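Any read-out appearing in this document is the output of simple, stated calculations on the displayed coordinates, not a laboratory observation. Fair warning: this is a prediction, and the values are worked out from it, not measured in the lab. FYI the Cβ positions are ideal-geometry reconstructions off the backbone, even for glycines, and counts take in every protein chain you see.
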Amino acid sequence: MCDPLCVAPFTSVLIDSDKGIRPCSAYGGVGKHIPGSAGIGRLSPDCSISDVIHGEIWRGVTDDFANGRVPAGCTDCMNRERQTGYSKRKYFYRPNWRSGITFLEVNSTNLCPLQCRHCGQHLSHRWARQRGAPVHKPDSALLLKNLRELDLSHLERVAFKGGEPMMNSDVPTVLAHLQDIGRLSEVTVVFTTSGSLIREDVVPWLSAAKRTYFGISIDGIDEVQTYIRHGPSNVARIDDFVRFYSQVPRVAFGMQPSVMIYNVFSLDRMAEWWRGLPGRVPGSVVGGPRFENMVLLPPELSVRCLSDATRARLADRYEQLDPKLYANVVRTLRLPFAGAEIHDQFVHLTRKVDRMFGRPVLESVPELAPELELLGSEADPAAGNGASG
Ligand code: SF4
Ligand code: SF4
């Protein structure tokens, strides 16, 4: 077989907060998948990771790719790549993709101290509680039993994402297992974290890993950050976080913002703040600013809800500032307007969550004032609640 369009289903396993199992975080369950979950199957005492990745549905996904078809669960991922230039697919390719599992992602809890506006119940237990949805706790004994059944001898990367990995007790379990099987020194450990919590117990394992990378999901500075990321999150905490984990050998930090309607006016200020990090934390290894991930879901938080004039003005400004750094931002700003209905849903959603959190948007993002006019669609005022996950 020549290289398939995407190698993720051949090389990668992801465990979601609801214990759903899928190839990657962009894969969306459809058809015979678990109802209400993106997973292909769900880890439980009666269903192992091995059962899922060797089962009929997973085989259907790999068969599709092997035969040049895009599986139904990959449609959104491919559309996103077409629209914004960003895609998970590009990160998975490895020349040794035929060897087996090279990538493991463990997002096995929705415990998170924050309640970000673009997040939802699957990733934030605070959203889950608000909606009466389940809080998914880690189950380290079940996970360890399953990891022992997998061939991880080719593993190159292990990733821990949301909820908040620093609240996930499965993190030390996985790292300890990789050390037990003699693989940790060959593995790059990747965290996507808000940088708002520090856990000290992982330091010895990270020190034994090949490399550690922290992608910090900052979404703004000052009021924009605290407006979007409701909870104990501010940029001073991120400085402390970087200072603490800089003690880990072979560690690097990157910024991982989600660009949406609330922060698109101030990306340059975010970039400037990020560039100042090595000066504030001497000795830290920090990559350059990046703006790759454009929020498309929920659609009412996408920059496409801004008026034509505002999108054009912002696109011109970012193109002039740095066409390479802001390439995905400009590309998304130049997409067509989302439409009156989705725009009005943005206004209703913003007002609703503002009331819930006691944070009027214009105190943090005054540039949105002309965008809060309703356009007269028949959008359901009750639609949405900030829960996308
Ligand atoms: S195409 Fe996208 S969604 Fe599908 S498996 Fe690859 S990375 Fe995941
Ligand atoms: S986006 Fe990340 S930090 Fe924010 S609530 Fe969701 S999981 Fe937590």
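Here are some notes:
- Degrees between helix 235-245 axis and first principal axis of the chain (Cα, 0 to 90, nearest 10): 20
- Computed from phi, the 3J(HN,Hα) profile of segment 371-376 under the Karplus parametrisation 6.51, -1.76, 1.60 (θ = phi - 60°) reads 8, 8, 5, 6, 9, x Hz, with x in place of Gly and Pro.
- DSSP-assigned coil residues among trypsin sites (Lys or Arg not before Pro) in segment 225-287, each with at most 14 further Cβ atoms within 10 Å: Arg250
- When the Gaussian network model of the chain links Cα atoms closer than 10 Å, the mean-square fluctuations of Gln130, Gln115, Gln83 top out at Gln130.
- Extension gain for Thr75 to Arg351 (0.36 nm times residue separation, less C-alpha to C-alpha distance): 96.2 nm.
- Once exposed loop GluC sites (Glu not before Pro) are cut out (DSSP; at most 11 other Cβ, 10 Å), longest piece of the chain: 1-372
- Footprinting exposure proxy ranking of Phe346, Phe191, Phe65, fewest other C-beta atoms within 10 angstrom first, gives Phe65, Phe191, Phe346.
- The angle separating the long axis of helix 140-149 from the principal Cα axis of greatest extent in the chain is about 60 degrees.
- Cα centroid separation, segment 88-155 to segment 210-279 (Å): 21
- Dipole of the chain, positive end: most advanced residue of Pro23, Ser266, Gln121 [Cβ charges, Cα centre]: Pro23
- Computed on segment 227-361, the Cα convex hull volume stands at 115 Å³ per residue.
- The sum of -39500 (n - 2.57) across all DSSP H runs of n ≥ 4, divided by the residue count of the chain, sets its helix-only mean residue ellipticity at 222 nm to -10000 deg cm²/dmol.
- Taking all Cα pairs closer than 8 Å and separated by 6 or more residues, the relative contact order of segment 271-332 comes to 30 percent.
- Legend: calculated FRET efficiency, Glu186 to Asp51, from the Cβ-Cβ distance at R0 = 22 Å, rounded to 0.05, equals 0.25.
- Kirkwood hydrodynamic radius (C-alpha pairs) into Stokes-Einstein, segment 162-269, 4 °C and 1.567 mPa s, D in µm²/s: 88
- For Val286, the residues 5 or more places off, or on other chains, whose built amide H falls under 5 Å of its own are Phe253.
- Fraction of alpha-carbon pairs over 42 Å apart in the chain - percent: 10
- Non-local lysine pairs in the chain, meaning eight or more places apart or on different chains, with alpha-carbon distances under 23 Å, amount to 15.
- Segment 1-86: equivalent-ellipsoid semi-axes (sqrt of 5 x gyration tensor eigenvalues, Cα, Å): 21, 15, 11
- Residue-by-residue Karplus 3J(HN,Hα) for segment 281-288, coefficients 6.51, -1.76, 1.60, Hz, glycine and proline x: 10, x, x, 6, 9, 10, x, x
- Computed over the Cα atoms of segment 216-269, pair by distinct pair, the Kirkwood hydrodynamic radius stands at 12.1 angstrom.
- Relative contact order (%) - the chain, alpha-carbon pairs under 8 angstrom, separation at least six: 13
- Share of pairwise Cα separations in segment 17-174, more than 23 Å, in percent: 41
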